[in-house]
């Protein structure tokens with residue numbers, strides 16, 4: 001079979017909800033158009049968990065269409081077990097199988113997307129049209145005990161970026177496994193924000209709308225007494241799609257297509 005050329009695979013966590021994948025699908029579609037010449041084998045999606053496809057399924061599909069080399073681009077918000085351990089391990093596992101099918105995977109980067117989200121983060125908070133000087137911002141985030149320092153760095157950057165726009169206080173609230181998906185930390189953060197300012201914006205520092213935006217955060221807002229609840233602003237959105245992330249992926253992917261070319 002004639003090779004269709006190198007392929008690019010966007011690789012992220014995944015979810016059991018199909019809606020969670022839609023921002024990634026939008027990202028894939030933009031990149032497929034922008035990187036057509038660099039990756040004639042196409043731009044594809046793959047996920048560690050959830051409804052898939054997983055990395056093996058995606059690579060076999062690419063190989064069936066003639067791609068023998070695939071660039072795997074991890075899309076994770078911060079350093080984590082997934083980015084530091086699971087992604088390299090999965091690439092190694094699939095590469096072992098790729099020897100039988102004549103294809104090879106290359107990891108594009110070990111960096112997270114955290115450095116590239118701030119312009120769009122500011123745009124997201126400004127869409128609520130709340131006066132910055134009168135508005136606290138609550139930041140629900142997944143969190144990790146093992147990678148707590150990386151999350152602290154991310155949240156500190158968020159605080160600086162939002163305070164420069166005039167918002168404050170900036171109040172992080174973990175929603176992931178470190179609090180067992182409890183809405184209580186977010187409720188407490190909202191109440192603390194409303195104690196300081198007339199309005200509170202709840203801004204998910206999460207990649208894609210999922211269970212936290214659709215269930216945990218609404219439960220947290222329901223925990224706020226009704227007279228105060230009217231002062232809370234929340235949109236169940238996520239970081240992706242983000243044009244600045246797209247630009248970063250395109251830059252790194254193009255470098256890979258030159259550096260690793262035959």
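Among residues belonging to the range 188-225 that are touching a residue at least 40 places away in the same chain (Cβ under 8 Å), assigned to a helix (DSSP H, G or I) and over 23 Å from the mean Cα position of the chain (by Cα), point out the one that is surrounded by the most Cβ atoms within 10 Å (Cβ to Cβ). Within the range 188-225, the match that is surrounded by the most Cβ atoms within 10 Å (Cβ to Cβ) is 190. Residues in the range 18-41 that are closer than 22 Å to residue 110 by Cα, without any contact (Cβ under 8 Å) to a residue 40 or more places away in the chain and crowded, with 16+ Cβ neighbours inside 10 Å: 28 only. Among the residues that make up the range 73-93, is at least one of them in a strand (DSSP E or B) and on the phi < 0 side of the Ramachandran plot? The answer is yes, given that some residue of the range 73-93 is in a strand (DSSP E or B) and on the phi < 0 side of the Ramachandran plot. Taken together, 210, 238 contain a single residue that is under 21 Å from residue 21 (Cα atoms) and modelled with pLDDT under 95, which is 210.
With respect to residue 185, determine if the residue is in contact with a strand residue (DSSP E or B) (Cβ under 8 Å, 6 or more places away or on another chain), modelled with pLDDT of 95 or more and closer than 23 Å to residue 157 by Cβ. So residue 185 passes the test. All of (1) surrounded by fewer than 19 Cβ atoms within 10 Å (Cβ to Cβ); (2) part of a helix (DSSP H, G or I); (3) touching a residue at least 12 places away in the same chain (Cβ under 8 Å); (4) within 19 Å of the chain's Cα centre (by Cα) hold for residue 97 with one exception: (4).
Just to be sure, is residue 246 touching a residue at least 12 places away in the same chain (Cβ under 8 Å), out of contact with any strand residue (DSSP E or B) (no Cβ under 9 Å at 6 or more places or on another chain) and buried (at least 20 other Cβ atoms within 10 Å of the Cβ)? It is false that residue 246 is touching a residue at least 12 places away in the same chain (Cβ under 8 Å), out of contact with any strand residue (DSSP E or B) (no Cβ under 9 Å at 6 or more places or on another chain) and buried (at least 20 other Cβ atoms within 10 Å of the Cβ). Every residue in the range 155-187 that is surrounded by 21 or more Cβ atoms within 10 Å (Cβ to Cβ) and in a helix (DSSP H, G or I), please. The answer is 158, 162, 186. Here residue 27 meets each of (1) part of a loop (DSSP other than H, G, I, E, B); (2) within 24 Å of residue 139 (Cα to Cα); (3) modelled with pLDDT of 95 or more with one exception, condition (1).
The values are calculated or read from the model by the stated rules, or taken from the named source; none is laboratory data. Bear in mind that the values here come from a model prediction, so they are computed numbers and not experimental data. Note: ideal-geometry Cβ built from the backbone for every residue, glycine included; neighbour counts use all protein chains shown.
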